[in-house]
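Every read-out reported here was derived from the displayed coordinates using simple, explicitly stated rules and does not represent laboratory data. Only a predicted model underlies this, so the values are computations on that prediction, with no experimental measurement involved. In this analysis, Cβ positions are derived from the backbone assuming ideal geometry, glycine residues included, and neighbour counts consider all displayed protein chains.
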Amino acid sequence: MPRGKVKYHELNKFEKKKYLGEFYTMVSLLRSRNEVKNFFKDLLTLSEVVMISRRLQTAKMLLEGETYETIGKQLKISSVTIAHVERWLNNGFGGYKDIIKRYKRKKEYKLKNNNYTPFSLTAIRKKYPLHFLLLNLLNKK
């Protein structure tokens, strides 16, 4: 069997389904941010991770209404790359839009529910609830 780079279009339908199906299933089994991070650090080169991250940033900025010029300058990418991301955003399967919406909701929730300063008494009480058990119980009344 010949070695070397396997091109997607050279795989038969069964192989494509098998490889992609297993990949998607494995990714869906990741349970934490740390697992995701370690998986992709093992799977991809740093350059590939940065490339994918910049595509996500491009999609996010497009959804926020930023111009090609602003995106290109800020992320140092070409208008061709921006156009590709925009095409996937508008004609793809909705993956970009779904994950960016979910990310924004999570970020807004965190901001809304963590509106205290890191070293304030409120933050310390929340981080170490057992240390403040009596005070917390008294405050509930």
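Straight Cα distances below 26 angstrom link K16 to the lysines K5, K7, K37, K41, K97, with same-chain residues fewer than 8 positions distant left out.
Using the Cα coordinates of the range 44-92, the gyration tensor eigenvalues translate into equivalent-ellipsoid semi-axes of 17, 13, 9 Å, sorted from longest to shortest.
As a ratio to 2.2 N^0.38 Å, the alpha-carbon radius of gyration for the range 65-141 is 1.87. Length available on full extension from M51 to E108: 0.36 nm per residue minus the Cα-Cα distance, which gives 18.0 nm. For K140, no aspartates and glutamates have a Cα falling under 18 Å of its own Cα, not counting residues fewer than eight places away in the same chain. Under 21 Å of direct C-alpha separation, and excluding same-chain neighbours fewer than eight residues apart, K112 reaches these lysines: K60, K101, K104, K126, K127.
Using the Karplus relation 6.51 cos²θ - 1.76 cosθ + 1.60 with θ = phi - 60°, the per-residue 3J(HN,Hα) values for the range 41-50 come to 5, 6, 7, 10, 6, 4, 4, 5, 5, 5 Hz, with x marking Gly and Pro. Taking the inverse of the mean reciprocal distance over all distinct Cα pairs, the Kirkwood hydrodynamic radius of the chain comes to 19.6 Å.
For an R0 of 25 angstrom, estimate the FRET efficiency from the Cβ-Cβ distance between L44 and V80 and round to the nearest 0.05.
Once the sixth-power term is evaluated, E becomes 0.65.
Using C-alpha pairs under 8 Å with a sequence gap of at least 6, the mean separation divided by the residue count of the chain gives a relative contact order of 11 percent.
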